[in-house]
Amino acid sequence: MLWSEHAILIVGEPLTDEKADIGDRDLVILRETACASGAEKDAAMSGSQWDELADLALSRVRAAGVEYADIRLLDTTTRTISGEDRRIAHLRESTDRGFGIRVLHRGAWGFAASSIISLEEIPRVADLAVEIAKGSSSLAITKVHLAPEPVHRDRIVTSCRLDPFAVPLEEQTALLLSTMEVIQRHPGVVRSHASLWAQRDRKLFVSTEGSHLEFNLLAMQGDCMATAVHNGRFASRSFNTPHLRTGYELVRDADWAREGARIAEQAVEKVRAPAIEAGRYDLVLDPEHLSLTMHESCGHPSELDRALGYEANYAGTSFLTPDKRGTYRYGSAHVHLVADNTEPATLAATGYDDDGVSCQKWDIVREGIFVGYCTNREVATRIKEERSRGSNRADSWGSVPMVRIANIGLEPGTATLDELLADVKRGIYIEGHGSYSIDQRRYNFQFGGDAFWLIENGRRTHMVRDVIYHGITPEFWGRCDGVADAGHRRRYGFITCGKGQPGQSGWMTHAASHARFRRVDVISGHTKADA
Ligand SMILES: [Zn+2]
């Protein structure tokens, strides 16, 4: 096991009033350090040098007689700036560099990786990958066959107007400070939080089949939160610009003053809201809330490695087994769940996956019928598909790529949000993410949310709290009787989707318009201790 090199720069603890001046000085020092490390990184990142290393690795494993091999060289820089209670509390920039070599030999995989990118280290790691494949082969029950894929030579660059790593730190911290100021100005709010996150990935993928793919990818996100207290209870509301593959314009284009004031006002209403009474309600779910429901109840069960019985230990397996494909009723005729790894700016739209397969768009559920899986080159052949769907991703140079949820979204319908609400006599409108649980086959679940409003006679009236709805995946989606139109569609990114042993964090985007579900069982999370 080899560990990555991390250069982590942390600016202090949450600052007290007395330390505020020291904090400002530290920010200046950090910026200079970050620039120096950037220049050094660029020198280490010369394309021709990486090509030379990749050629050396692949010729080494070819000589050992492997059926297939690829190498991924990766250089990742991540920056987080966060503030708490009107102060910049934390600024961190980390760099993570290394390479991983994957070989298919005697029908089995071998993988080895290192954080030392050098001509001396490449042969050692290449030989280790081959040795591991030999060991795997001696134990394998079935041989690995890869679905064919054309050879690709390409360069993928995230398009952006403003590089977040070039925007002055003063501008970014000023935005966080002014947002927290707006939030805390609201009577009843006791805490504020705001943060910005950005990541750049420079990657080279080269395979023995001849594919050569260069990546320069960017992702960005910002968020803020207001917390209010009342009668010994607290409640928070938050706003986020979703994680997207774009530049700082994502943050600059958002109206932080308006959103900060909105969440402050809603946090105060939320903490004073009455608890929900248990019962059956019609639900209208907002796109952000649906992004989590789709992720858990459609995304994970559509991963073919789970459905085939791999990944059983870590909340694995799936109720969507291969015998159900093409005939199983997953939801109502309103439910079209589409995987689209080609939509610009979405997290899984990286041009090609870590098998070197080009990103695609396909149906998971069409008119309520389950029709497709997320696959990679290995598992696609197990269900006799001719080509991988291109959903094989690793979360770092030191991780083995595996089947990952695609950008799965709910296709828009034709209604407006007002029309969906108008036809509800007594229901609940839910926004955002809350706590949830779902069994490992992704069949029985319960979901909370971030904010809840009672719907009475077609209108949202007032907030309620402690709403938890539960259901069985196909019954729940079978209760969907309306989806709002494309004008209501919003996208939300996930960067902490856990899977695998050792665990990895997957990235994907889920888009939806508001949708209505009839007669769903709701229980109250309210306990005597909350009274
Ligand atoms: Zn997940």
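Read-outs throughout are calculated quantities, based only on the coordinates presented, and are distinct from any laboratory measurement. Values in this document were obtained by computation on a predicted structure and should not be read as measured data. Glycine gets a Cβ as well: all are built from the backbone with ideal geometry, and neighbour counts include every protein chain shown.
See the values below:
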quantity: Amide H partners (placed H, <5 Å) of Gly351, local residues excluded; calculated: Cys359
quantity: Whole-number percent relative contact order across the chain, with pairs defined as alpha carbons under 8 Å at least 6 apart; calculated: 14
quantity: For the chain, with +1 on Lys and Arg beta carbons and -1 on Asp and Glu, the positive-most of Val144, Gly247, Met508 along the dipole; calculated: Val144
quantity: Likely footprinting exposure, Asp354, Asp223, fewest C-beta neighbours within 10 Å first; calculated: Asp223, Asp354
quantity: Neighbour-count ranking [beta-carbon atoms within 10 angstrom, fewest first] of Trp477, Trp109, Trp256; calculated: Trp109, Trp256, Trp477
quantity: From phi via Karplus (6.51, -1.76, 1.60), per-residue ³J(HN,Hα) for the range 230-242 in Hz, x at Gly/Pro; calculated: 7, 6, x, 10, 10, 8, 10, 10, 9, 10, 9, 7, x
quantity: Largest to smallest principal axis extent of the C-alpha atoms in the range 94-216, angstrom; calculated: 68, 33, 32
quantity: Calculated from backbone phi, Karplus (6.51, -1.76, 1.60) coupling profile of the range 467-480 in Hz, x at Gly/Pro; calculated: 7, 9, 10, 9, x, 10, 3, x, 5, 4, 5, x, 8, 6
quantity: Karplus-derived HN-Hα couplings along the range 318-335 (A = 6.51, B = -1.76, C = 1.60, θ = phi - 60°), whole Hz, x at Gly and Pro; calculated: 7, 6, 8, 6, x, 5, 8, 5, x, 10, 6, 7, 8, x, 6, 5, 6, 9
quantity: Highest average packing first - 134-146, 492-504, Cβ atoms within 10 Å; calculated: 492-504, 134-146
quantity: Coil-residue trypsin sites (Lys or Arg not before Pro) of the range 425-496, DSSP, other Cβ within 10 Å capped at 15; calculated: Lys425
quantity: Residue-span extension gain [Thr414 to Val157] - 0.36 nm each, minus C-alpha spacing; calculated: 89.0 nm
quantity: Charge dipole (debye, nearest 20) of the chain; +1 at Cβ of Lys and Arg, -1 at Cβ of Asp and Glu; calculated: 1400
quantity: Pairs of Cα atoms farther than 27 Å apart, the range 8-272, %; calculated: 53
quantity: Equivalent ellipsoid dimensions for the chain as semi-axes, Å, which come from the Cα gyration tensor, largest first; calculated: 40, 32, 18
quantity: Sequence of Val103, Val229, Val371 once ranked by neighbouring C-beta atoms within 10 Å, starting from the fewest; calculated: Val229, Val371, Val103
quantity: Members of Lys324/Lys499; Lys203/Lys324; Lys143/Lys324 lying beyond 29 Å, as alpha-carbon distances in this model show; calculated: Lys203/Lys324
quantity: Centroid-to-centroid separation of the range 185-202 and the range 151-174 [C-alpha atoms, Å]; calculated: 20
quantity: If the convex hull is drawn through the Cα atoms of the range 178-260, its volume per residue in Å³; calculated: 102
quantity: Cα convex hull of the range 279-524 - mean projected area over all directions, nm²; calculated: 12.2
quantity: Selection from Thr227, Asn407, Asn444, by position along the positive dipole direction of the chain (Cβ); calculated: Asn444
